[in-house]
Amino acid sequence: KKKQDAATQVQRYLRGFSIRLEALKGRQATPFQALYRGHKARQEYAVAIASAKLLQTTWRCYSARITYQIEIVDIIITQSVVRRWLACRRAQSMRDIELFGPASIIQAAWRAKTARRVYL
């Protein structure tokens, strides 16, 4: 019985030692695994950041182009309206000159003549 108990105890110590030894081997790999996982995570994060920057840049470029095109269209419409208004004004003043031009010249001459009479 004593021999059997002694053998069991030796086996127990031996098994415990071998399990602890295996655990130490696993721990030796853990720092390398952590380094690799950290490296891999940083790479994935860098790819995600680059992708986000590309998306943001593309969207901002598209948005700026659309805004510019809308502003150009607004400017062209405004110029068209102003040019039409100026053309109408110019046409109206030409009509006024045609209609009232000779009468204005006669009136101006008459006023000048009467003013000279009164002054002299």
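The values are calculated or read from the model by the stated rules, or taken from the named source; none is laboratory data. Every value quoted in this text rests on a predicted model; they were computed, and no experiment measured them. Counting neighbours? That spans all protein chains shown, and the Cβs are built from the backbone with ideal geometry, glycine included. For accessibility, only protein heavy atoms count, side chains too; no ligands or nucleic acids. Shrake-Rupley method; radii C 1.70, N 1.55, O 1.52, S 1.80 Å.
On the chain, 65 percent of the accessible area sits on carbon and sulfur atoms, based on a 1.4 Å probe. Think of the chain as having a plus end and a minus end, set by charges on the Cβ of Lys, Arg, Asp and Glu; of Val10, Ser93, Leu55, Val10 sits farthest toward the positive end of this dipole. Taking label points 7 Å from Cα along the Cα-to-Cβ direction, Ser104 and Asp74 give a separation of 3.8 nm.
A simple spin-label model places pseudo-atoms 7 Å from Cα toward Cβ; at Gln33 and Val81 they are separated by 7.2 nm. Highest GNM mean-square fluctuation among Ser63, Ser80, Ser18, for the chain modelled with Cα contacts below 10 Å: Ser18.
Once the Cα atoms are used to define both axes, helix 2-119 deviates from the longest principal axis of the chain by about 0 degrees.
Secondary-structure-derived ellipticity at 222 nm for the chain, considering helices only, amounts to -38000 deg cm²/dmol, per-run term -39500 (n - 2.57) for DSSP H runs with n ≥ 4. Fully extending the segment from Gln9 to Thr58 would add 10.5 nm, taking 0.36 nm per residue of separation and subtracting the current Cα-Cα distance. Entry comment: accessible area of the chain is 97 Å² per residue, from protein heavy atoms only and a probe of 1.4 Å. Solvent-free Debye calculation, one equal scatterer per alpha-carbon of the chain: log10 I(q)/I(0) at 0.11, 0.12, 0.15 Å⁻¹ equals -0.83, -0.87, -0.97.
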